[in-house]
Structures are given as structure tokens and as C-alpha cells.
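Down below is the structure, laid out as C-alpha cells.
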Amino acid sequence: LHVRSRRQRQMCIRDRNKALYYLKNEQGALAAKWMRLAAMAGNYRAQFYLGLFFIKGQGVPQSVFHGAAWLSLAGSQGYEPAIEAMSDIRKHISTKRLKDAQCYAASLYEQIHQLQFSHLIPPSSEK
């Protein structure tokens, strides 16, 4: 799920860079906010970082479940660090919770896809 337009790519990079700036300055909540914006725009690196934020509880409530969902989404796009992190997470989450997290990742994928392509769907002509 890659960002489609050049403008969208630039906005993702801007959001991810803001997040990293805030993270460096120990402002976890702001870092998580900007990372989530980039992640929801389809940036797989931002999805990876947001997954780590959840696992560490950095700027967001600590949640291996949510971390696994975001890492799963990044890993589904072939991002190797996310795939490696997912294999490490398996030790800390039950198989059922991992499957649930992957289902949640699928719903996130649908949300992201809808956000990215909503401009292509013609408005309804119903009156």
C-alpha cells in the first residue's frame, strides 16, 4: 500500500520527519501523532515506527496487540525490519491475539485504502 501522488509522498515524509523530530526531543505524544498521520497515509516506515511506539508505550498506551497490527501492516508491504520485528513479537503474544491483530491490520489497510482513493469515487447521484 504505497502512497500514490507525489504530493502525498511529500506529506508523508514531512509528517514522519516531524514525528522523528518530536521523538528526538522526547515529546512522545507529538511524535506518535505525526507518525500516525504518516502511517495512515500508507507510509510503511511510519507504520513500522508506530508499531514500535505501541510496543514500547512511547507516546501511546503500551500495547503489543496494536504494535503487532501496525508491524503486520508494514511487513505485508515487504518491509524487512517489520517482518523481523514480527518474528520477535510472537514470543510475547498468544496465537489468537496475533491473528486478531492481523485482522485489525486488514481493517486498517481498508481504511488507508479508502482514504487514499476516496477522491476517485464519484459523488452519489441519489436525491
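The values are calculated or read from the model by the stated rules, or taken from the named source; none is laboratory data. From a predicted model like this one, the values you see are computed outputs, not experimental measurements. Cβ placement follows ideal geometry from the backbone for every residue including glycine, while neighbour counts extend to all protein chains displayed. Ligands, DNA and RNA are stripped out before the accessible areas are found, and what is left, the full protein with its side chains, is counted by its heavy atoms. Shrake-Rupley method; radii C 1.70, N 1.55, O 1.52, S 1.80 Å.
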Every listed condition ((1) surrounded by fewer than 17 Cβ atoms within 10 Å (Cβ to Cβ); (2) over 24 Å from GLN8 (Cβ atoms); (3) not charged (D, E, K, R)) holds for PRO81 save (2)
Residue that is farthest from SER5 (Cα to Cα), among those in segment 33-54 that are hydrophobic (A, V, I, L, M, F, W, C) and open to solvent by 10 Å² or more (accessible area, probe 1.4 Å) | PHE54
List pairs: first in segment 90-108 and under 11 Å from VAL64 (Cβ atoms), second open to solvent by 70 Å² or more (accessible area, probe 1.4 Å) and in a helix (DSSP H, G or I), Cβ under 9 Å, 6+ apart or cross-chain?
-> LEU98/ARG90
Among (1) of a type in the set (Asp, Glu); (2) in a helix (DSSP H, G or I); (3) open to solvent by 70 Å² or more (accessible area, probe 1.4 Å), where does GLU26 come up short?
-> (2)
From the residues in segment 1-36 that are modelled with pLDDT of 85 or more and small (Gly, Ala, Ser), which one is nearest to the chain's Cα centre (by Cα)?
-> ALA32
Evaluate the following for LEU20: is it open to solvent by less than 50 Å² (accessible area, probe 1.4 Å), among the aliphatic types (A, V, I, L, M) and closer than 24 Å to SER76 by Cβ?
-> no
Which one is surrounded by the fewest Cβ atoms within 10 Å (Cβ to Cβ), of the residues in segment 55-77 that are outside any helix (DSSP H, G or I) and either touching a Gly at 6+ places or on another chain (Cβ under 7 Å) or modelled with pLDDT of 95 or more (or both)?
-> PRO61
Name the pairs: first residue in segment 56-85 and closer than 16 Å to LYS96 by Cα, second residue among the aromatic types (Phe, Trp, Tyr), Cβ to Cβ under 7 Å, at least 6 apart or on different chains?
-> SER63/PHE54; HIS66/PHE54; GLY67/PHE54; ALA69/TYR104
Scan of segment 84-95 for residues that are open to solvent by 80 Å² or more (accessible area, probe 1.4 Å) and either over 16 Å from GLN47 (Cβ atoms) or under 12 Å from the mean Cα position of the chain (by Cα) (or both), ordered by number | ASP88, ARG90, LYS91, HIS92, THR95
